[in-house]
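Heads up: the structure comes next, in structure tokens.
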Amino acid sequence: MTETDLGLLLLRLGLATLLAGHGLQKSHGWFRGMGPAKTAEVFESWGFRPGRPLVLLAVCCELLGALLLGTGLLTRVGSAVVTGTMLVAAASNTVNGLWAHLGGCEIPVVYAGLAVCLAVTGPGHFSLDHAAGLPDGGSWGAPVAIAVGALAAVPPLLCRRSALRARPAS
């Protein structure tokens with residue numbers, strides 16, 4: 001157990017806390033969130049239809065990713081879930097550029113990047129993966145987790161693109 005293990009624990013807990021907060025903003029309106037009904041309206045305006053079930057899916061992904069990364073259980077699975085979810089969020093919010101203060105996609109890009117880093121490094125010794133002696137997938141574990149996360153983002157983004165194209169001109 002080293003400083004690196006402590007750093008990975010703090011990184012995992014910090015990211016998990018932020019992801020859980022985002023999920024709870026959508027699901028319960030906590031932390032000045034909009035709650036499910038208003039979030040569904042926003043999702044629909046972005047082309048994600050039907051909004052309410054897709055809000056539920058986003059919430060489940062954010063909370064599952066937070067749980068897995070925070071505990072260090074099935075870390076690469078959690079990394080894939082977070083990577084895919086955040087790639088969808090980032091790609092859906094590029095119209096305002098990168099920077100968050102201008103309404104850009106900075107936050108999901110950072111979260112996806114952190115999830116990718118955790119897929120590469122693994123969770124460290126202070127994790128349920130380590131405590132349970134779970135295998136990490138070897139040299140293929142990280143690339144597979146990253147690829148699965150990226151590929152999982154494709155279907156919702158394609159559906160969104162179709163919905164936006166089918167939208168009547170205003």
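For segment 117-126, the tally of residues that are assigned to a loop (DSSP other than H, G, I, E, B) and over 16 Å from residue 17 (Cα atoms) stands at 4.
Step by step: first the residues of segment 29-76, then only those that are within 28 Å of residue 6 (Cα to Cα) and out of contact with any Gly (no Cβ under 9 Å at 6 or more places or on another chain), then the one that is surrounded by the fewest Cβ atoms within 10 Å (Cβ to Cβ). Which residue is that? That would be 73. Restricting 134, 114 to residues that are under 16 Å from residue 71 (Cα atoms), part of a helix (DSSP H, G or I) and touching a residue at least 24 places away in the same chain (Cβ under 8 Å) narrows the list to 114.
Scanning segment 142-158 for residues that are out of contact with any Ser or Thr (no Cβ under 9 Å at 6 or more places or on another chain) and within 15 Å of residue 83 (Cβ to Cβ) gives 143, 144, 147, 151, 154, 155. Among the residues of segment 96-109, some residue qualifies, meaning at least one is in a loop (DSSP other than H, G, I, E, B) and crowded, with 20+ Cβ neighbours inside 10 Å. Any chance segment 138-154 includes a residue that's exposed (fewer than 14 other Cβ atoms within 10 Å of the Cβ) and in contact (Cβ under 8 Å) with a residue 12 or more places away in the chain? So far as segment 138-154 goes, yes, one or more of its residues are exposed (fewer than 14 other Cβ atoms within 10 Å of the Cβ) and in contact (Cβ under 8 Å) with a residue 12 or more places away in the chain. Taken over segment 15-41, the residue count meeting the criterion of being within 29 Å of residue 75 (Cβ to Cβ), out of contact with any Ser or Thr (no Cβ under 7 Å at 6 or more places or on another chain) and of a type outside the set (A, V, I, L, M, F, W, C) is 9.
Read-outs: derived from the displayed coordinates by stated rules, not from any lab. From a predicted model like this one, the values you see are computed outputs, not experimental measurements. Note that each Cβ is placed from the backbone with ideal geometry, even for glycine, and that neighbours are counted across all protein chains shown.
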